Amino acid sequence: MTNPNIDTFTPSINKRVGELSKLSELYGNFMRVERATYRDGRPETDGEHTLHAMFLAVAYTAKHHPEFNPGEVALLMMIHDLDEVYEGDVNSLTATDIDMKLKEDNEVKSRHQLRQELSAEPYILQLLERYWRQEEPIVKYVRTIEKLDPSFSHIKDGGQSVRAMGVDTLGQFSELEERVVARMEGYGNEVAPDVVGLRRILGRRVAEITFDTV
């Protein structure tokens, strides 16, 4: 078997290496962003969250939501938080309306920057634009099922991150959790009410573990 002459490819191999290197740096920076949730006694990263959420979403979709393509769910999950590469994670559990508005403003800036950074990657940009628009049922579904993942992190760390967020009582947690679920219902009930129900059950388990209410 002969090796192809790398000088014959168009675009050139060197150009392709440069493009991949740029993507590697961008996604590598994203993967290292620390979240409010904990894993093994330290802040979880966006990379860990994304892979964990993707795995669960693909398995659940294949079993319970045949109307959605599990592969497409995986692709959308891969990029769903990419705008956090510049502005970081926002703790949705304790976030106020003001915090959420600031998050939206920061997302506008991050998305503008990503459009520039990824101008040579139309497929990735297309995925991002679809997710940002939040118009298609599958996109709303991904946004909904992604919200299960923090609960699993809270359960695994025994409620450590919940307490680190300053949530000290069961009543306080229940109020905050209900607010998160109410936001989920706004976009999730249309496409996946079962997933919203899963978040409610998981929230109760987080409360039991964190505040020893079993």
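Being of a type in the set (Val, Ile, Thr) and in contact (Cβ under 8 Å) with a residue 24 or more places away in the chain is the filter here; which residues of region 1-33 pass it?
Answer for region 1-33, where residues must be of a type in the set (Val, Ile, Thr) and in contact (Cβ under 8 Å) with a residue 24 or more places away in the chain: just VAL33.
Looking at region 19-39, can you tell me whether even one residue there is acidic (Asp, Glu) and under 30 Å from THR94 (Cβ atoms)?
Yes: one or more hits.
Return the total of residues in region 68-107 being within 16 Å of the chain's Cα centre (by Cα) and of a type in the set (Ser, Thr, Tyr).
Result for region 68-107: 2.
Quick check on this structure: which one of ALA36, ALA74, ALA95, ALA57 is free of Cβ contacts under 8 Å to residues at least 12 places away in the same chain and either small (Gly, Ala, Ser) or touching a His at 6+ places or on another chain (Cβ under 9 Å) (or both)?
Within the list ALA36, ALA74, ALA95, ALA57, the selection yields ALA95.
Going by the structure shown, is LEU82 crowded, with 20+ Cβ neighbours inside 10 Å, at pLDDT 95 or above, not acidic (Asp, Glu) and not in a helix (DSSP H, G or I)?
Yes: the conditions hold for LEU82.
Let me confirm something: among ALA36, ALA74, which residue is in a strand (DSSP E or B), at pLDDT 85 or above and among the small types (Gly, Ala, Ser)?
ALA36
Between a first residue in region 126-137 that is surrounded by 11 or more Cβ atoms within 10 Å (Cβ to Cβ) and a second residue that is assigned to a helix (DSSP H, G or I) and at pLDDT below 95, which pairs have beta carbons less than 7 Å apart while being 6 or more apart in sequence or on different chains?
The qualifying pairs are TRP132/ARG111.
How do the helices (runs of 4 or more DSSP H) wholly within region 149-214 filter down when requiring 1 or more residues that are touching a strand residue (DSSP E or B) at 6+ places or on another chain (Cβ under 9 Å): which remain?
Result: 149-156, 160-164.
In region 96-139, what residues are aliphatic (A, V, I, L, M) and either modelled with pLDDT of 95 or more or assigned to a helix (DSSP H, G or I) (or both)?
ILE98, MET100, LEU102, VAL108, LEU114, LEU118, ILE124, LEU125, LEU127, LEU128, ILE138, VAL139
The values are calculated or read from the model by the stated rules, or taken from the named source; none is laboratory data. Nothing here was measured: the structure is a model prediction, and the numbers come from that model. Neighbour counts are summed over all protein chains in view; Cβ atoms, including those assigned to glycine, are modelled from backbone coordinates with ideal geometry.
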